[in-house]
Amino acid sequence: CILLLAWHPLHHCWHLIWHPVRLNWLSLKRTENIMSITRCASSSILPLLLAVAAIIISSSSVHSQQFQQPPPSQPLGDVLFQLLDKDKNQKVTLDEVNSQLNILEMMFNPVEGGGGDSGNDEANEYKQLLSGVKSAAPTLFNLLDVNNNQSLSKSELAHVTKFEKALKKGGGMRELLRDVFSILDENADELLSVEEIMDGSANDQVITELSTRVHELFPLRSDSDELKDFVTSSIESIAGGGAVVDKESVAKGMKWVDDDGDGHISNKEVAKYYNLAGKKFMEISKTIKQLGPMLAMFGGMDMNGGGGDGFKMDL
């Protein structure tokens, strides 16, 4: 295409140069002046050819670079809305969320005989993270449902994009987590005990402080008081989200973070699992933004549709 575009001006320039040369040729003796005319034509045409060649090479390089650049990804919230809204009615229900989480969890099932133990271990880490998201889905859904109409709009899911940005360096999530730890740590020994977690979930002053801090980073409601139920349920979720919150259930829920088994959660242990969960979230987010628009075109991640065995990802 570039050569065709360049041909027209080149052809025009050729006639501008060759026409007077041809007239001179006819007026001169062939035997005496052929060498001088050849030098004249060459000196006129060669620079033009070199200039056109440079333009073609430069243009080809620019087009090649533009072709190699991947298109910018859509915001995570927008992709999730496309992916979760299976019936394309411009709203997302909790049933749609649970359905897609189930399928996403199956995507990370380790493939037998593939990836080795390390691959299966990493896939299991993803599954554990997704399992936590799945159990927290009702609470998170209600949190994002700003107008309380039992469905999520595109603008409400945009808060997920804000959450993703908060996980990045300087985004505010790390500082929020430190503040939450300090508020719950009543004796300031940099350790959270079972008693401190239980007291925090029942202490109105603690809940108020935590709600205010969360609202500063994520203003999902008109004021921080409307986030108190969410904050309380988040603390109680350590006990597994059951109806009964007692020492036994809280101690059991703490074990997955309590690496040294001393019955306490240190700030170092919290930082370790925050980094792990944050890294996994960003990796999953990247995958969703890359594959989500394509999957949404085919009606979401329907494992029973299309006649296939579904998606499996060997990590």
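Consider the stretch 243-276. How many of its residues are in contact (Cβ under 8 Å) with a residue 40 or more places away in the chain, among the small types (G, A, S) and more than 19 Å from R174 (Cβ to Cβ)?
2
Among the candidates I265, I235, I197, I207, which residue alone is touching a strand residue (DSSP E or B) at 6+ places or on another chain (Cβ under 7 Å) and more than 23 Å from A158 (Cβ to Cβ)?
Exactly one of I265, I235, I197, I207 is touching a strand residue (DSSP E or B) at 6+ places or on another chain (Cβ under 7 Å) and more than 23 Å from A158 (Cβ to Cβ), namely I265.
Does any residue of the stretch 193-200 turn out to be closer than 23 Å to E248 by Cβ and part of a loop (DSSP other than H, G, I, E, B)?
yes
Within the stretch 145-162, how many residues turn out to be farther than 20 Å from K289 by Cα and open to solvent by less than 40 Å² (accessible area, probe 1.4 Å)?
Matching residues across the stretch 145-162 total 2.
The values are calculated or read from the model by the stated rules, or taken from the named source; none is laboratory data. In this text, all values refer to a predicted model and were calculated from it rather than measured experimentally. Cβ atoms come from the backbone with ideal geometry, glycine included; neighbour counts cover every protein chain shown. The protein model used for the area step is the full one, side chains on, heavy atoms only, and it has no ligands, DNA or RNA in it. Shrake-Rupley method; radii C 1.70, N 1.55, O 1.52, S 1.80 Å.
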